[in-house]
Amino acid sequence: MSPNTSLVVVRAQLRAGLPMVAGYWAIMIAIYAAIITVVATVGDTDVSIWATSGGSAPKYFLLAVGVMLTTVYLPAYVGNGVTRRDFTLGASLYILAVAGVYAAIMTLGFVVEHAIYTSADLMGGLTDPYPVRAFGDGLETLVAELLVGIVYLCCGWVMGTCFYRYGSWWGIGLIPVTVLPAVVTEIGFDSLWLGYGINKGFGIDRPPLGVGVLMGVASIAVAWVANIALTRSVAIKKVSG
């Protein structure tokens, strides 16, 4: 394995992927800003708008980013002489970078919204305690969002690999299996909306942070190892054009 080649993959992926990530968040934040402006003006809400806004859509975006790693990028890199192992290492570092951006933005969003809610006197109307009320809450949120981001990217990566290796029908049929690590991680952190919904439906209290971290790390490891096994011998299809 060549570390230099893997770093080339990381740099190339960041150049290709970060503008897309920035564009997504620009749209997401603009929509949120419009909603929070109305909420602060009206002065009536019982939930964190940032939590509900980030409960699903950003994760689905991360899932899509992961899908592209095998379906779009793997053939191009291998076709240009990059080994699967070098690509896997480079793509893994890229996943850490994208998930880090996601976690940082989600955490900072709570900090900003807390200030807005406090200034608009909205805290008293919330049905649940605000997610981030102190520095410790912020650190817990950062850790949780980082692992959630990584697992969604890894699940998307495995999903894309299944579609690429086995075709559309098998890829569709395997979707419930490929997203299972994300489901387990969400349960561990009681994340909106999937984990929170499952825990509430079964009457499960939010697990301690340490338990959530263990569940998240184990889920990421399963998804990552599964992807390595699937891509190790996958036939590379000819890249058109």
Q.
Name the single residue that is farthest from Phe110 (Cα to Cα) among those in region 59-87 being of a type in the set (Phe, Trp, Tyr) and crowded, with 17+ Cβ neighbours inside 10 Å.
A. Tyr77
Q. Trp193 versus (1) out of contact with any Lys or Arg (no Cβ under 8 Å at 6 or more places or on another chain); (2) surrounded by 23 or more Cβ atoms within 10 Å (Cβ to Cβ); (3) touching a residue at least 24 places away in the same chain (Cβ under 8 Å): which is the lone unmet condition?
A. (2)
Q) Has region 62-78 got at least one residue that is touching a residue at least 60 places away in the same chain (Cβ under 8 Å) and among the polar types (S, T, N, Q)? A) yes
Q) Identify, please: which residue in region 128-178 is touching a Lys or Arg at 6+ places or on another chain (Cβ under 9 Å) and open to solvent by 10 Å² or more (accessible area, probe 1.4 Å) and is, among those, farthest from Leu93 (Cα to Cα)? A) Tyr164
Q) Does region 230-237 contain any residue that is touching a residue at least 60 places away in the same chain (Cβ under 8 Å), assigned to a helix (DSSP H, G or I) and out of contact with any Cys (no Cβ under 6 Å at 6 or more places or on another chain)? A) yes
Q) For Val234, are the conditions met, namely being surrounded by 12 or more Cβ atoms within 10 Å (Cβ to Cβ), within 24 Å of Thr161 (Cα to Cα) and modelled with pLDDT of 95 or more? A) no
Q) Given the residues Val225, Val213, which is the only one that is surrounded by fewer than 13 Cβ atoms within 10 Å (Cβ to Cβ) and outside any loop (DSSP other than H, G, I, E, B)? A) Val225
Q.
Name the single residue that is nearest to Thr41 (Cα to Cα) among those in region 109-127 being open to solvent by 50 Å² or more (accessible area, probe 1.4 Å) and touching a helix residue (DSSP H, G or I) at 6+ places or on another chain (Cβ under 9 Å).
A. Ser119
Q: Please specify each residue of region 55-86 satisfying the condition of being over 19 Å from Leu147 (Cα atoms), in contact with a Ser or Thr (Cβ under 8 Å, 6 or more places away or on another chain) and of a type outside the set (Val, Ile, Thr).
A: Leu74, Arg84, Asp86
Q: Identify the single condition in (1) loosely packed, with under 15 Cβ neighbours inside 10 Å; (2) of a type in the set (A, V, I, L, M); (3) under 16 Å from the mean Cα position of the chain (by Cα) that Ala16 does not satisfy, given that it satisfies every other one.
A: (3)
Q: Write out, first by first residue and then by second, each pair whose Cβ atoms fall under 8 Å of each other, whose residues are 6+ apart or on separate chains, and whose first residue, in region 167-183, is in contact (Cβ under 8 Å) with a residue 12 or more places away in the chain while the second is β-branched (Val, Ile, Thr) and open to solvent by 40 Å² or more (accessible area, probe 1.4 Å).
A: Pro181/Val222; Val183/Ile198
Q: Tally the residues that are modelled with pLDDT of 90 or more, hydrophobic (A, V, I, L, M, F, W, C) and open to solvent by less than 30 Å² (accessible area, probe 1.4 Å), restricting the search to region 31-58.
A: 4
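The values are calculated or read from the model by the stated rules, or taken from the named source; none is laboratory data. Quick caveat, the model's predicted, so the values are computed rather than measured. As a convention, Cβ positions derive from the backbone with ideal geometry for all residues, glycine included, and neighbour counts pool all protein chains shown. Ligands, DNA and RNA are excluded from the accessible area calculation, which covers all protein heavy atoms including side chains. Shrake-Rupley method; radii C 1.70, N 1.55, O 1.52, S 1.80 Å.
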